[in-house]
Amino acid sequence: MTVIWLVLAIIVLAFTLNTVDEIRRKIKIRKEIKEQWGKLPKMTRFDHEESLREAWQIGQEDRKFDSEIDELTWYDLDMMHIFQQINATKSSIGSEYLYRKMREFDFDNENLKRLEHLITYLEENPETREKLQYLFAMIGKKDANLVQYYLKHSKKSFLPRVEIYIFLGILPVVLLPVAVIFQTPPAILIFLGSILLNMSLYLKKKIEIEKELICMSYLVNTFVVCKKFLHLDFPSKEILEKNYHHFSSVRKFAFTFRVKSGSDLEVIFDYFNGLFLIPLLSYNFVLKKLSSHKQEAVEILELLGELEFAIAILNFRYALPYFCVPNRTTQYKVNAQDVCHPLLLDGVGNVVAWKKSTLVTGSNASGKSTYIKAVAINTILSQTIHTAFATEFSCTSGHVLTSMAIEDDLFEGESYFIAETKSIKRILDVVETGEFVFAFIDEILKGTNTIERISASSSILEWLSEKNVLAFVATHDIELSQILQGKVENIHFSERFTEHGELTFDYSLKKGAAKTRNALKLLETLDFPTKVLEVASKRANVFDECKKWK
């Protein structure tokens, strides 16, 4: 009797400690939501790009969108770091939706208007926003969660001959009273045989689909938490109300898919479920629900994704020193004030008056590449998250393509110049479709000799100036300004040397082409040999005078 009371006491104590831990966890989550609001999110061990990209690409062919940020542009602009700055999501549903929306977008302004309406609602209802964040935290994050895969391939994931699993699962329940009542060796052996068969089958199948079973727990937990969203008010809630009842029965199987802690009790519980093949039957049940009501599941997850997407954007806006809601115009131009790079929160803001293809010249490290990237990134963000790091920003809809961070591909045997020309050619291919393009090229054709670089670059830019495209091109070749006079705009960044010989930059945009050079001055500040500097300076002066090298 004492042993029984001791066991009961241990169970009660374990239950109490677990409950206390759960209460503390929920209090901590609510506290973090309040403390972290309006701040750039901290790095998380989840949301690796490989997982995000896989989820994005799985359903891409079934979605309609007008433009996509390709891999080269995404890499050139370091957009993954921009994503991480915006990614204040608490669930993988939200982070995957955010990643997708930053990679593909529509030219239809109505979607952005709906998004802005949702953001405004969340800003005006902070208590609701905090409750929504808490529920998203209850869903949590899991990389490679297969949610998008299940939505697209639910029928392919079915376990075959499910009726056999049902029969074997019921068999121990039927044989147990028979064995107890008759207590004969055959009855007991048959009962034990059914248990042994089920455990063997369960363990074998568990090894085969272990990843699927673990990932299914994330989807099931999402539907469990979904019910709590129904108690809150938010835009488009009717979508959840219309569709959730199809999945309400999934909640009954939540105990099967809950995350295992690895404790002895959990192991015993897992084996007990395995005796009746409950995890396998539950897995098939959930897949059948998804297969029968795929569209309803998609609508629910899209709603949740959009909600957390809007919350992340609102948090990003609060975290920036300043921002604006972009103005969409039908004119092919970009106008902005105080535009800045999102990764340089204390950077110098500059004006944008971009109505024709533009050459950006300037000295090394003067800020021209950062400026071009700032304009490119904000052109993307204005079309994806309806936010710009500027006090004013207006632009039309269009594809955004860059050619910047070119690298040799040793494995493919490609030189820098080959990789660079392919990068630029892909931009020209999109331009030739006739759709409007924002093109950004940093150090055009720098992988070849001076004569061919200038002749080819000027020809490319002249061709672009006649097409449906706005191009920003950074270059050190000031000759291009002369060749393309009247066909492109010219802006530049400059430097100055202090009386102590120190090189300084103001990072402020100036009209016209650059008139100064700083490479030789920079070599001087680094104490290059005097003879090297003298010869270099003399040759540069001779070339300026007669346009010949001597």
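Pick from SER194, SER200: which is touching a helix residue (DSSP H, G or I) at 6+ places or on another chain (Cβ under 7 Å), farther than 24 Å from HIS246 by Cα, assigned by the TED database to the domain that holds SER282 and among the polar types (S, T, N, Q)?
From the options SER194, SER200, the qualifying one is SER194.
Just wondering, is there one or more residues in the stretch 69-77 that are out of contact with any Ser or Thr (no Cβ under 8 Å at 6 or more places or on another chain), under 30 Å from PHE436 (Cβ atoms) and of a type in the set (Ser, Thr, Tyr)? Checking the stretch 69-77: at least one residue is out of contact with any Ser or Thr (no Cβ under 8 Å at 6 or more places or on another chain), under 30 Å from PHE436 (Cβ atoms) and of a type in the set (Ser, Thr, Tyr).
Results for (1) assigned to a loop (DSSP other than H, G, I, E, B); (2) touching a Lys or Arg at 6+ places or on another chain (Cβ under 9 Å); (3) at pLDDT 80 or above, shown as yes or no for each residue.
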{"site": "THR504", "(1), (2), (3)": "no, yes, no"}
{"site": "ALA513", "(1), (2), (3)": "yes, no, yes"}
{"site": "THR516", "(1), (2), (3)": "yes, yes, no"}
{"site": "LEU522", "(1), (2), (3)": "no, no, no"}
{"site": "PHE528", "(1), (2), (3)": "yes, no, yes"}
{"site": "ALA536", "(1), (2), (3)": "no, no, yes"}
{"site": "ASP544", "(1), (2), (3)": "no, no, no"}
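When you look at ARG45, is it part of a helix (DSSP H, G or I), of a type in the set (D, E, K, R), modelled with pLDDT under 95 and more than 13 Å from the chain's Cα centre (by Cα), yes or no? No.
Considering only residues that are of a type in the set (A, V, I, L, M, F, W, C), out of contact with any helix residue (DSSP H, G or I) (no Cβ under 7 Å at 6 or more places or on another chain) and over 19 Å from ILE380 (Cβ atoms), which ones fall in the stretch 433-459?
ILE451, ALA456
Identify, from the list LEU526, LEU484, the residue that is loosely packed, with under 12 Cβ neighbours inside 10 Å and not basic (Lys, Arg).
Within the list LEU526, LEU484, the selection yields LEU526.
Taken over the stretch 426-458, the criterion of being closer than 21 Å to ILE406 by Cα and of a type in the set (S, T, N, Q) is satisfied by THR448, ASN449, THR450, SER455, SER457, SER458. Per the listing GLN85, GLN57, the residue uniquely polar (S, T, N, Q) and either in a loop (DSSP other than H, G, I, E, B) or touching a residue at least 12 places away in the same chain (Cβ under 8 Å) (or both) is GLN85. The residue pairs whose first member lies in the stretch 356-367 and is within 7 Å of GLU489 (Cα to Cα), whose second member is among the basic types (Lys, Arg) and surrounded by fewer than 23 Cβ atoms within 10 Å (Cβ to Cβ), and whose beta carbons are closer than 7 Å, counting only pairs six or more residues apart or on different chains, do not exist in this structure.
When LEU171, LEU122 are checked against the criterion of being at pLDDT 80 or above and buried (at least 19 other Cβ atoms within 10 Å of the Cβ), a single residue qualifies: LEU122. Total residues in the stretch 353-372 satisfying the condition of being crowded, with 24+ Cβ neighbours inside 10 Å and basic (Lys, Arg): the figure is 1.
All told, LYS39 falls short of being out of contact with any helix residue (DSSP H, G or I) (no Cβ under 7 Å at 6 or more places or on another chain) and basic (Lys, Arg). Kindly evaluate ILE166 against the criterion of being under 27 Å from VAL147 (Cβ atoms), over 37 Å from the mean Cα position of the chain (by Cα), exposed (fewer than 15 other Cβ atoms within 10 Å of the Cβ) and at pLDDT below 80. It is true that ILE166 is under 27 Å from VAL147 (Cβ atoms), over 37 Å from the mean Cα position of the chain (by Cα), exposed (fewer than 15 other Cβ atoms within 10 Å of the Cβ) and at pLDDT below 80. Scanning the stretch 292-308 for residues being over 10 Å from PHE247 (Cβ atoms) and surrounded by 18 or more Cβ atoms within 10 Å (Cβ to Cβ) gives a total of 7.
Evaluating LYS131 against the criteria (1) basic (Lys, Arg); (2) closer than 29 Å to SER291 by Cβ; (3) surrounded by 14 or more Cβ atoms within 10 Å (Cβ to Cβ) leaves one unmet condition, (2).
Among the helices (runs of 4 or more DSSP H) confined to the stretch 143-215, the ones with at least 1 residues that are under 21 Å from SER291 (Cα atoms) are located at 147-153, 162-182. Restricting attention to the stretch 504-539, the residues being free of Cβ contacts under 8 Å to residues at least 60 places away in the same chain and of a type outside the set (Ser, Thr, Tyr) number 20. With respect to the conditions (1) at pLDDT 95 or above; (2) surrounded by fewer than 23 Cβ atoms within 10 Å (Cβ to Cβ); (3) aliphatic (A, V, I, L, M), LEU345 lacks only one, and its number is (1).
When the stretch 331-341 is filtered for residues that are out of contact with any helix residue (DSSP H, G or I) (no Cβ under 7 Å at 6 or more places or on another chain) and part of a loop (DSSP other than H, G, I, E, B), the ones remaining, listed by number, are GLN331, TYR332, LYS333. In summary, ILE451 fulfils each of the numbered conditions (1) under 21 Å from ALA514 (Cα atoms); (2) of a type in the set (Val, Ile, Thr); (3) in contact (Cβ under 8 Å) with a residue 24 or more places away in the chain with the single exception of condition (3).
Can you confirm whether LEU303 is under 30 Å from PHE105 (Cβ atoms) and either modelled with pLDDT of 95 or more or over 26 Å from the mean Cα position of the chain (by Cα) (or both)?
yes
So that you can scan it fast, the table gives a plain yes or no per residue for (1) within 17 Å of the chain's Cα centre (by Cα); (2) outside any helix (DSSP H, G or I); (3) of a type in the set (A, V, I, L, M); (4) within 22 Å of LYS510 (Cβ to Cβ):
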{"position": "ALA310", "(1), (2), (3), (4)": "yes, no, yes, no"}
{"position": "LEU343", "(1), (2), (3), (4)": "yes, yes, yes, no"}
{"position": "ALA353", "(1), (2), (3), (4)": "no, yes, yes, yes"}
{"position": "ALA365", "(1), (2), (3), (4)": "no, yes, yes, yes"}
{"position": "THR370", "(1), (2), (3), (4)": "no, no, no, yes"}
{"position": "ALA374", "(1), (2), (3), (4)": "no, no, yes, yes"}
{"position": "ILE380", "(1), (2), (3), (4)": "yes, no, yes, no"}
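The values are calculated or read from the model by the stated rules, or taken from the named source; none is laboratory data. These numbers come from a predicted model, not from an experiment. In this analysis, Cβ positions are derived from the backbone assuming ideal geometry, glycine residues included, and neighbour counts consider all displayed protein chains.
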